[in-house]
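K.L.:
Submitted below is the structure of interest, expressed as structure tokens.
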Amino acid sequence: DGTRIVSGGRDGTVRLWTRDGAAVGEPLRGHESPVWSVGFSPDGTRIVSGGEDGTVRLWTPDGAALGEPLRGHEGTVWSVGFSPDGTRIVSGGDDGTVRL
């Protein structure tokens, strides 16, 4: 809805912010190493994150993990995103693959 920002950090957390830079809630914890890419679903109800630990993770904006981490890349996940309709996730990794 344009009122929140999501970021990933070297500390392995995912954080939510207001547009004014105020933290929203507690950091989302689950990655074991830096988080390099994050994004909101088109409807704003889910967050995807990808990290150096080779996983892709799904979250609710209030911090709940959605299912188990998605694994498949060999090495860092550099980029993640949702399809325009929000039904699929794409990730790109250090292993030279793109996964849906």
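The values are calculated or read from the model by the stated rules, or taken from the named source; none is laboratory data. Just so you know, these numbers come straight off a predicted model, no measurement behind them. Don't worry about glycine lacking a Cβ; one is built from the backbone with ideal geometry, like all the others, and counts go over all protein chains shown. Just the protein is used for accessible areas: all its heavy atoms, side chains included, with ligands, DNA and RNA removed. Shrake-Rupley method; radii C 1.70, N 1.55, O 1.52, S 1.80 Å.
K.L.:
Pull up region 81-92, narrow it to residues that are in contact (Cβ under 8 Å) with a residue 12 or more places away in the chain and in contact with a Lys or Arg (Cβ under 9 Å, 6 or more places away or on another chain), then point me to the one that is farthest from TRP17 (Cα to Cα).
P.N.:
Per the stated criteria, the residue is GLY92.
K.L.:
With the requirement that a residue be within 15 Å of SER33 (Cβ to Cβ) and either surrounded by 16 or more Cβ atoms within 10 Å (Cβ to Cβ) or touching a residue at least 40 places away in the same chain (Cβ under 8 Å) (or both), what does region 65-79 give you?
P.N.:
Let us first name the residues in region 65-79 that are within 15 Å of SER33 (Cβ to Cβ), namely 69, 71, 73-78.
If the condition is that a residue be within 15 Å of SER33 (Cβ to Cβ) and either surrounded by 16 or more Cβ atoms within 10 Å (Cβ to Cβ) or touching a residue at least 40 places away in the same chain (Cβ under 8 Å) (or both), then PRO69, HIS73, THR76, VAL77, TRP78 are the ones that fit.
K.L.:
Limited to region 48-64, what total is found for residues that are more than 18 Å from TRP17 (Cα to Cα) and open to solvent by 30 Å² or more (accessible area, probe 1.4 Å)? Before the answer, list the steps.
P.N.:
Step one: filter region 48-64 for residues more than 18 Å from TRP17 (Cα to Cα), giving 50-57.
Subsequent filtering for residues that are open to solvent by 30 Å² or more (accessible area, probe 1.4 Å) retains 52-53, 57.
Selection size over region 48-64: 3.
K.L.:
Could I ask something else about it? Out of (1) part of a strand (DSSP E or B); (2) closer than 17 Å to ALA65 by Cα, the odd one out for ILE5 is which?
P.N.:
Single failed check for ILE5: (2).
K.L.:
Moving to a separate point now. Determine whether GLY96 is within 18 Å of VAL14 (Cβ to Cβ) and out of contact with any Asp or Glu (no Cβ under 8 Å at 6 or more places or on another chain).
P.N.:
Working: within 18 Å of VAL14 (Cβ to Cβ): no; out of contact with any Asp or Glu (no Cβ under 8 Å at 6 or more places or on another chain): yes.
For GLY96, the condition - within 18 Å of VAL14 (Cβ to Cβ) and out of contact with any Asp or Glu (no Cβ under 8 Å at 6 or more places or on another chain) - is not met.
Residue by residue, here is whether (1) among the hydrophobic types (A, V, I, L, M, F, W, C); (2) more than 12 Å from the chain's Cα centre (by Cα) holds:
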site	(1), (2)
VAL56	yes, no
PRO61	no, no
GLY67	no, yes
GLY81	no, no
LEU100	yes, yes
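K.L.:
Next question, about the same structure. Only one of these is at pLDDT below 95 and either touching a strand residue (DSSP E or B) at 6+ places or on another chain (Cβ under 7 Å) or not aromatic (Phe, Trp, Tyr) (or both): GLY92, GLY96, GLY25. Name it.
P.N.:
Details: GLY92 fails: at pLDDT below 95; GLY96 fails: at pLDDT below 95.
Being at pLDDT below 95 and either touching a strand residue (DSSP E or B) at 6+ places or on another chain (Cβ under 7 Å) or not aromatic (Phe, Trp, Tyr) (or both) holds for just one of GLY92, GLY96, GLY25, which is GLY25.
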